[in-house]
Amino acid sequence: MAEPTTVLVVDDEKVIRDGCTLLLQPEGYVVATAADGREALDLMRIQPVDVVLCDLKMPRMGALEVLEEAGRLHPDVPIIIITGHGTVADAVECMKKGAYDFVTKPFRADHLTLCVKRALEKQQLERETRRLQEEQARNLYTLAMEQSRMHTIVNCMADGVMVTNRNLEIVLWNPTFLRLMGLAPSVPPPGPLAVYLDDKPFLEALKSLTEEAEKEPARCLSQEICRGRAHLRAMTAPFFGPDMKMLGTVTIFHDVTAFKELDAMKNDFVHMVSHELRSPMTAIKLQHEVILQGLAGEVTDKQRELLSRAQVKIQGLIELINESLDIAKIEAGYRQLELLPLQIGEVLQEVVDLLHARAEDQKVTLKLSSSPDLPLVLADRRSMEEVFTNLVTNAINYSPDGGEVTISTVDHGGYVEVRVSDRGIGIEPEEIPKIFDKFYRVKHPRARQIIGTGLGLALVKGIVDAHRGSVEVESRLGEGSTFRVLLPR
Ligand code: ADP
């Protein structure tokens, strides 16, 4: 409920005080009275007052002194002077000293109430203006603080930060960006991105992201850039105004040179160890087969059982070695890709035929829907078989009994998309960026029972990247996953 409005009537004549009270109370005002200026100021100290009607001349303290003191202590309370005809000049003097208005005695009821109403309106307006000014000052302060905080964070970041506008001009950067790009600390003011960065694929990707951002606001880029010996991972996302108009992009450059060097060392190591292991493993497997076939003498049931179990383990190890070698070869660029025009639908049919029995074993239905009119892609057949065998095997493995795996294709003009969807256990959002890493396996209670190396998706990504394609995943925990492979025509 709104607070009642209090009018303080200050006059040494009781008849005026009573008269004003009689006029103002029916209008809904609370009326307080004082017989002189001193009494009025004492009252204002203990009781909130919204407007003062004050006689010009009073024995103890007149309106001029009230104006002075009240103006200091209660600047937002408007004071209306009550004056006789002969003292209008004095009343005007009071207005110069800050009085809001004056009424001359004898006054009319409607004139008095109108005057009080207008004074209150003015006071409301002044209060609102002050509130808005204070709010604006607070907002400006918060904004300045926010800007200063952002500035400090961006400038202290160990990663490079670069912001571009809609015209692909750099409008903001931090010192790490300048260092990573080998630019002088006092670089010239903002300008076209191409002047500072000559990486063509990156520039083209950023251009396409900028052009398509309003249609695909969630799209981000993750790319690798080489600057001499340095390897940088660039993550780019568009940013938007309140009306969802794209304003520009933000890119974070992370220096991954040390990881790359380590990775190269690890690849050499894996390559060497795998080679040294694969031949003896294959030999052991063959010798076991000879024994199991009874060619080295009779085999008891128990021996057969133990040898068969050993065979499964050896086969797992050989697969691990083969996948490690494949990845090492792809990463080192040794693997020869025989890029030929390929009907991807045929490859998918072969993969489905190959994995049909496995899917049946796990009570999973495999569905393939691919148009025979799909354009040809330029790809290496064996590599494509490997990619889709891995994706479909995963989809089967991570599906529940009775699950369904759908493989479908979409023609996007310049690209053909293959989707492998399941309604299996799904992947948590924070795991998604990691599953393409080598040896990474999600620690999901249901995934633990599934035998795997954590190399399948790394191999998929390596092969697809080598084809200048891309692989993405959309997944919801408990609902399923869709892996989308884009291959150039
Ligand atoms: P793995 O041999 O463990 O399957 P991958 O590299 O193929 O190795 O996959 C890495 C991890 O990604 C898996 O351990 C699994 O947790 C997760 N993953 C891959 N495909 C799926 C899928 N279709 N559904 C749920 N999780 C998946």
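Every number in this text was worked out from the coordinates using simple rules, so none of it is lab data. Fair warning: this is a prediction, and the values are worked out from it, not measured in the lab. Reconstructed Cβ throughout: ideal geometry from the backbone, glycine too, with neighbour counts over all protein chains shown.
Results, tabulated for the structure shown:
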read-out	value
Kirkwood-Stokes translational diffusion coefficient of segment 260-332, alpha-carbon pairs, 25 °C, 0.890 mPa s, µm²/s	178
Fraction of beta bridges assigned by DSSP in segment 333-435 that are antiparallel (%, nearest 5)	65
Partner lysines for Lys97 [C-alpha distance under 18 Å; skip if fewer than 8 residues away on the same chain]	Lys57, Lys122
Packing-based exposure ordering (other Cβ within 10 Å, fewest first) of Arg108, Arg484	Arg108, Arg484
5 Å-binned pair-distance histogram of segment 6-130 (Cα, whole percent)	2, 12, 24, 27, 22, 10, 2, 0
Separation of alpha-carbon centers, segment 223-263 and segment 1-37, rounded to whole Å	72
Neighbour-count ranking [beta-carbon atoms within 10 angstrom, fewest first] of Thr365, Thr176, Thr482, Thr152	Thr152, Thr365, Thr482, Thr176
Computed E for Ala258/Thr282 - FRET, C-beta separation, R0 45 angstrom, nearest 0.05	0.80
Axial C-alpha extent at least 27 Å, average Kyte-Doolittle at least -1.0 - helices from the chain (DSSP)	109-156, 257-292, 301-332
Mean projection area, nm², convex hull over Cα of segment 340-488	8.1
Share, in percent, of DSSP beta bridges within the chain that are antiparallel, nearest 5	70
Size-normalised alpha-carbon gyration radius of the chain, reference 2.2 N^0.38 Å	1.79
Arg60/Ala144 FRET efficiency (R0 51 Å; Cβ-Cβ; nearest 0.05)	0.50
Estimated distance in nm for a label pair at Thr152 and Arg108, the labels positioned 7 Å out from Cα along Cα-to-Cβ	6.5
Cα→Cβ-extended label distance, 7 Å offset, between Met265 and Lys97, nm	8.8
Value of D in µm² per second that Stokes-Einstein yields for segment 55-97, Kirkwood Rh from Cα pairs, at 20 °C (1.002 mPa s)	202
Packing-based exposure ordering (other Cβ within 10 Å, fewest first) of Met61, Met145	Met145, Met61
Members of Lys200/Lys438; Lys215/Lys260; Lys329/Lys367; Lys200/Lys434; Lys266/Lys363; Lys266/Lys367 lying beyond 30 Å, as alpha-carbon distances in this model show	Lys215/Lys260; Lys329/Lys367; Lys266/Lys363; Lys266/Lys367
Geometric extent, Cα atoms of segment 158-255 - Rg, Dmax (angstrom)	12.9, 42
Diffusion constant of segment 441-489 at 20 °C, which comes from Stokes-Einstein with the Kirkwood Cα-pair radius and 1.002 mPa s, µm²/s	172
